[in-house]
1. Could you list, in sequence order, the residues of the range 172-203 that are under 18 Å from Gln160 (Cβ atoms) and charged (D, E, K, R)?
2. For the list (1) in contact with a strand residue (DSSP E or B) (Cβ under 6 Å, 6 or more places away or on another chain); (2) closer than 14 Å to Ala161 by Cβ; (3) of a type outside the set (Lys, Arg), I need the number of the one condition that Val213 fails.
3. How many residues, within the range 267-301, are buried (at least 16 other Cβ atoms within 10 Å of the Cβ), farther than 14 Å from Gly21 by Cα and out of contact with any helix residue (DSSP H, G or I) (no Cβ under 7 Å at 6 or more places or on another chain)?
4. For the range 171-186, indicate whether the set of residues that are in contact with a strand residue (DSSP E or B) (Cβ under 8 Å, 6 or more places away or on another chain), closer than 28 Å to Thr59 by Cα and surrounded by 12 or more Cβ atoms within 10 Å (Cβ to Cβ) is non-empty.
5. Can you confirm whether the range 200-213 contains a residue that is at pLDDT 95 or above, assigned to a helix (DSSP H, G or I) and more than 16 Å from the chain's Cα centre (by Cα)?
6. Using beta carbons and a limit of 6 Å, which pairs, at least six apart or on different chains, have the first residue in the range 269-293 and closer than 24 Å to Val64 by Cβ and the second one surrounded by 10 or more Cβ atoms within 10 Å (Cβ to Cβ) and among the charged types (D, E, K, R)?
Amino acid sequence: MTSRQMLLCMQFTSGYGAEPGAWRLPGANLSSYTDMDQYVRYAQAAERGKIQLLFFADTPVLDVDLEDQAPHHPIDPLLVMTSIARETERIGLVATASTTFNEPYTLARQFKALDVISHGRAGWNAVTTSDPAAAANFGHHIPPRAQKYERAHEVVQIVQALWGSWEKDAWVRDISGKRFADMGKIQPFNLQGRHVASRGPLPIPPSEQGQPVIFQAGGGSYGLELAGRYADGVYANPYTIEDGQAQRQALHDAAKRAGRDPDEVKMFAGFMPTIAPSRRAALDRRRFLNESVDLRQRVRYLGAMIGLPLTYDQIDGGRPRRRRCRRRPERPGPV
């Protein structure tokens, strides 16, 4: 009988902590946002503490008021993880990158390179983008939800095909035979979807784990289908044990519908501890951090996630009007 083991993941933000006011806590390194040595120290401490992986969330937009808050996310998750990879040995490194505004070849090359550099410790959190301000940074608008996820399916499939474009023993490095690699085992695949396409192959050999693992953090039926088909790990935020069990069952069912073994998909339930020398000190710290939350930003974020034009002024007011839109039927979008 195999023993059960708890898998622990730690989320990294901008170097200060998840709450907006964390940068003002006593003893905080005020340069953490750009100090790679600080990130490395955090990662090494997590590795010593038996944390299995580090997770870097990301949204490609400045979504806070820098007048009194630090950014939510690292300056660039992949570059920060590359710095960490060179100074750690075992801990996994997972970063968010959008399927909505990134091309699959770029995603595949960046994450595969990190996987090789880290000796097989990289993972990609494949999510769609909901923030209109983020879309504006790419000169686009947020597409309808069904279209976003149709594209997401295509992007993930092409990325995985690119990751697999080298066979395991293609890199021969044969000096006497003057052969660097066996081109018969490195093949283009020419996949064309409705939204994205790629010819391949990548110019990067497999890592020790073969290719990066896939994570997913979206909710609802669309996110569940994406996770059920492709994910190795899923991030969730249940508020009760019963809610967590229900979310795990829904993920279990989605994996079954995709013809997979549900036990292949691990769900990470999020929680946010406050650590201090005593309970009183921890409560005081939590109170300080709670008071630093920017409700205006959180209301905008909630509106983007549920598709409603929410504003802070509506907190104590009536219900906002729902935008009318024609929703196309959900399609998995096979490439």
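The values are calculated or read from the model by the stated rules, or taken from the named source; none is laboratory data. Computed from a predicted structure; not experimentally measured. Every residue, glycine as well, gets a Cβ built from its backbone with ideal geometry; the counts of neighbours run over all protein chains shown.
1. As a first pass, look at the range 172-203 and keep what is under 18 Å from Gln160 (Cβ atoms): 185-203.
Within the range 172-203, Lys185, Arg194, Arg199 meet the criteria.
2. Of the numbered conditions (1) in contact with a strand residue (DSSP E or B) (Cβ under 6 Å, 6 or more places away or on another chain); (2) closer than 14 Å to Ala161 by Cβ; (3) of a type outside the set (Lys, Arg), the odd one out for Val213 is (2).
3. Final tally of qualifying residues: 3.
4. Taking every residue of the range 171-186 in turn, none turns out to be in contact with a strand residue (DSSP E or B) (Cβ under 8 Å, 6 or more places away or on another chain), closer than 28 Å to Thr59 by Cα and surrounded by 12 or more Cβ atoms within 10 Å (Cβ to Cβ).
5. The answer is no; no qualifying residue exists.
6. Once the first residue is closer than 24 Å to Val64 by Cβ and sits in the range 269-293, its partners that are surrounded by 10 or more Cβ atoms within 10 Å (Cβ to Cβ) and among the charged types (D, E, K, R) give Thr274/Arg285; Thr274/Arg286; Leu289/Glu19; Ser292/Glu19.
Conditions (1) touching a Gly at 6+ places or on another chain (Cβ under 8 Å); (2) closer than 19 Å to Pro60 by Cα; (3) polar (S, T, N, Q), marked per residue:
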position: Gln5; (1), (2), (3): no, no, yes
position: Ser14; (1), (2), (3): no, yes, yes
position: Ala22; (1), (2), (3): no, no, no
position: Leu30; (1), (2), (3): no, no, no
position: Tyr33; (1), (2), (3): yes, yes, no
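Quick grid of which residues meet (1) small (Gly, Ala, Ser); (2) farther than 19 Å from Ala97 by Cα:
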| site | (1), (2) |
| --- | --- |
| Gln187 | no, yes |
| Leu191 | no, yes |
| Gln211 | no, no |
| Val234 | no, no |
| Ile241 | no, yes |
| Ala246 | yes, yes |
| Arg257 | no, yes |
| Lys266 | no, yes |
